[in-house]
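Visitor: Have a look at this one before I ask anything.
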Amino acid sequence: MGDTDETVACEINHTQSQDTKTGVSTTGVVDASKDKEEQQQSKDEEKADEESRKRKPMALRSDVWESFSKVKLANGDERAKCKWCTKLFHCGSRTNGTSSLKAHLKICKKNPNKPVVDNQGTLQLTPCDGNSTLGTVTTWKFDPDKLRRCFAEMIIEDEQPFVLSERSGLRKFMTLACPRFVLPSRRTITRACVKVYEDEKEKLKKFFKDNCVRVCLTTDTWTAKNSQNFMCVTAHFIDNEWNLQKKIIGFFLVKGHRGEDIGKSLENCLAEWGIDKVFTITVDNASANNNAIKYMRRVLNESKGCVAEGEYIHMRCAAHIINLIVGDGLKEIGTSIQRVRAAVKFIRCGTSRLVKFKKCAELAKVQSKAFLNLDICTRWNSTYLMLNAAEKYQKAFERYSDEDPYYKLELEGENGPGVPTRADWEKARKMADFLEHFYDLTLRVSVQSRTTSHTYFHEIADVLLLLREWSHSEDKLSKEMGTRMLMKYYKYWGEKYGERQGDREKRGEKDKGDQLLNFTVFFCVAIDPRYKLSNCIRMGIKVMFGDTVGEKVWETVNTYFRALFEEYKEMYTPKDKAPQPTESESTAETSKRVSCRWMSVITQQLNSEGGSGTIKSEVDKYLSEDNEPDTPKFDILKWWKANSTRFPILSHLACDLLAIPITSVASESAFSAGGRTLDDFRTSLTPRMVERLVCANDWLRGGNYVSVEEDSEQMALLEEELGDLSISKEDTPAATQ
């Protein structure tokens, strides 16, 4: 035993010595095993905590689960089981949803809560022309999808915010008007508006494809309140039924106002719509637009998308030229306008002043009921409206200066222009009478619902006669204004332009695209069956440009018009080859050739002798016919629609010429809608959303716009009626208590 114990002790000492040499001790092995157990235990605890912290399954929130229950199949898949008919349906939250379950409840025969589908229509009276007593009886069915679509269209057409559907006032109204219709949320109505835009865009693309061959464009740029530069592009064309169409096809951001940026943006817009043929592009006189037109002319010439190599593509806005002409005339009476403007502004600054001014007008026996309008300094048409209304209240202003001492103090102060004198009122009256002609002219050329290109020549000729009359007036003011405005007129439409054009023709130069007055102005008169290229138009050109230069311009117009017709003849003449004759028809064909040769000889003999066998072209046949009577109700589009079969080639030319807009008002008017869409409270709208709203607004309205400007005289009458009503209530004896 003693030897054995010693041996064991030696082995233990030896083992410890070996462990000491290797740096490992048995105690360390035991500690390591304990650490592993503790780590494993901590991991298990963490796993258990993590499982306990996992979110509990979300409760089923849809009302449909009141009629369904979830069951598990043998393979582990979940199904929704109908409580009434025990049918099974897929119910995966990510792949299926509850739409199929809701649809089943509507048709489940055992469902006691199945809704009753009312397919019977309700009779209703549809008023005619706004008359609530007369109309047609129709049936109406409740359709929530159509109502939601109509509500989205209302948001777009009336330029309302998306949040309108969540406002309490409308919700109260709808609970009484149509309790069954649940107004959608703002997010839902936003998606619905986008869907309306996409649907209308597809319809318009198809309409372009079926009814339009070539378009005329107007474009302009606009800077919004959030300093973003938007560009509007409007397409004008005449469809197959000879109706004038105007559609906004672009309202998008541009990098800047440089010509190249405008040209590239316009090119991308046309490519998006698949439009490759353009006749004219109407822009204002900004230098950047000149560079943009040059870029577009080069692009369209490469794709053969314009006529006459783009010579007539640049159309300058007539309304913009009128603004430049009138602006020069207003400089002659700037001080008088400032004084009248200051007087109107003083009266409009307070309600008490308006009441006192109205009493002064009654004492002065002023018959006018129009409101005093304050103009915008950069818009001469608003200046005309201000002067036209203010000069009628001259006696009221003179009486008011005696009633209110602050009137003279403010207007004659350090920064005031002064109180209007009798001379100032006389100048204002003359200027209002003079500007009335240009105001009416602007309204005529800016109309968008009918063609105006065939009246362009007559309008500018009428302006020339008016300015010449004023420049030779004995009145000093009239003469100075007329002379200054006549010089600006000559720059764009008159003698100086004719002299430059005559010199270019003399040198054999064309300078394509450099004309200030596009020759299509004269072509549009040529296709007007009331005038054509008659002697009266010839004399009108001589009046504008003088006898010598006018004769050259007249010859150029005739030459270019016939050349343009020949180009259209090549484009629209059928090029189908005649079918080859069969062997059975060879004998008849031979005799036919002989007769053709014989008729050819006869035709040549008649032509050499000046006979009547000459075959006239469509242009000669059209020009040789008598002119149509110039009646007030003459419709040039209806005339060409009725005579398009007689002049098939010339009618294509007339269709493109009559679609030319002579102003860019169509694009500029879209900026008013853009300003209302992107107002101070909705500047966070994305440019893409702004384009959708503006374009869809134009497409849905179809060119029928309701003016947001109030009639001042009608408002004055309404104010009097409301005032009389309040007075009558005050005079009514109080009820006995």
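Just so you know, all these numbers are worked out from the coordinates, no wet-lab data involved. What you are looking at is a predicted structure, and each value in this text was computed from that prediction instead of being measured. All Cβ positions, even for glycine, are placed from backbone atoms using ideal geometry, and neighbour counts span all protein chains on display.
Visitor: How many Å³ per residue does the convex hull of the Cα positions in the range 64-107 occupy?
Guide: Working: hull volume 2.9 nm³, N = 44.
Normalising the Cα hull of the range 64-107 by residue number yields 65 Å³.
Visitor: Could you run the Karplus curve 6.51 cos²θ - 1.76 cosθ + 1.60 with θ = phi - 60° over the range 468-478 and give me ³J(HN,Hα) per residue in whole Hz, x for Gly and Pro?
Guide: Each residue's phi maps through the Karplus curve to give 5, 5, 6, 5, 9, 6, 7, 6, 5, 5, 4 Hz.
Visitor: Here is a further query. What's the exposure ranking of Leu623, Leu73, Leu650, Leu170, going from fewest to most Cβ atoms within 10 Å?
Guide: Numbers: Leu623 18, Leu73 9, Leu650 24, Leu170 15.
Going from sparsest to densest Cβ surroundings: Leu73, Leu170, Leu623, Leu650.
Visitor: Turning to a different aspect of this structure: What order do you get for Leu658, Leu324 when you list them from fewest to most C-beta neighbours inside 10 Å?
Guide: Numbers: Leu658 24, Leu324 15.
Arranged by neighbour count, lowest to highest, Leu658, Leu324 become Leu324, Leu658.
Visitor: So which of Lys304/Lys638; Lys146/Lys247; Lys81/Lys195 end up more than 27 Å apart by C-alpha?
Guide: Numbers: Lys304/Lys638 31 Å; Lys146/Lys247 25 Å; Lys81/Lys195 35 Å.
Long pairs (Cα-Cα over 27 Å): Lys304/Lys638; Lys81/Lys195.
Visitor: Taking amide H atoms as placed 1.01 Å from N in the peptide plane, list the residues 5 or more away in sequence, or in a different chain, whose amide H sits under 5 Å from that of His314.
Guide: The answer is Ile281.
Visitor: Can you list the HN-Hα couplings for the range 424-436, worked out from phi with the Karplus curve (6.51, -1.76, 1.60; θ = phi - 60°), rounded to whole Hz and with x for Gly and Pro?
Guide: 5, 5, 5, 5, 5, 5, 5, 5, 5, 5, 6, 5, 4
Visitor: Report, in cubic angstrom per residue, the convex hull volume of the C-alpha atoms of the range 205-334. Intermediate results must be reported in sequence, preceding the final value.
Guide: On the way: hull volume 17.8 nm³, N = 130.
Dividing the Cα hull volume of the range 205-334 by its residues yields 137 Å³.
Visitor: Just from the alpha-carbon atoms, what are the Rg and Dmax of the range 348-405 in angstroms?
Guide: Rg then Dmax for the range 348-405, in Å: 11.9, 35.
Visitor: From Cα coordinates alone, what are the radius of gyration and Dmax values for the range 318-437 in angstrom?
Guide: Answer for the range 318-437, Rg first and Dmax second: 14.3, 46 Å.
Visitor: Please list 3J(HN,Hα) in residue order for the range 381-396, calculated via the Karplus relation 6.51 cos²θ - 1.76 cosθ + 1.60 where θ = phi - 60°; whole Hz, with x for glycine and proline.
Guide: 5, 6, 5, 4, 5, 5, 5, 5, 7, 6, 5, 6, 9, 4, 5, 5
Visitor: Moving to a separate point now. Provide the net charge surrounding Glu166, with neighbours chosen by a C-beta distance below 12 Å and charges set as Lys +1, Arg +1, Asp -1, Glu -1. Can you show the working numbers first?
Guide: Values: positive: Arg167, Arg171, Arg186, Arg187; negative: none.
Neighbourhood net charge equals +4.
Visitor: Taking the Cβ of each residue in His458, His236, His104, His472 as the centre, tally the other Cβ atoms inside 10 Å and list the residues starting with the fewest. The partial results should precede the final answer.
Guide: On the way: His458 14, His236 24, His104 19, His472 11.
Sorted ascending by nearby Cβ count, the order is His472, His458, His104, His236.
Visitor: Which residues' amide hydrogens lie under 5 Å from the amide hydrogen of Phe252, considering only partners 5 or more residues apart or on another chain, with H built in the peptide plane?
Guide: Met231
Visitor: Structure shown: which of Lys246/Lys369; Lys141/Lys209; Lys264/Lys552; Lys395/Lys491; Lys369/Lys430 lie over 30 Å apart, alpha-carbon to alpha-carbon? It would help to have the intermediate numbers written out before the result.
Guide: Details: Lys246/Lys369 37 Å; Lys141/Lys209 35 Å; Lys264/Lys552 37 Å; Lys395/Lys491 41 Å; Lys369/Lys430 21 Å.
Exceeds cut-off: Lys246/Lys369; Lys141/Lys209; Lys264/Lys552; Lys395/Lys491.
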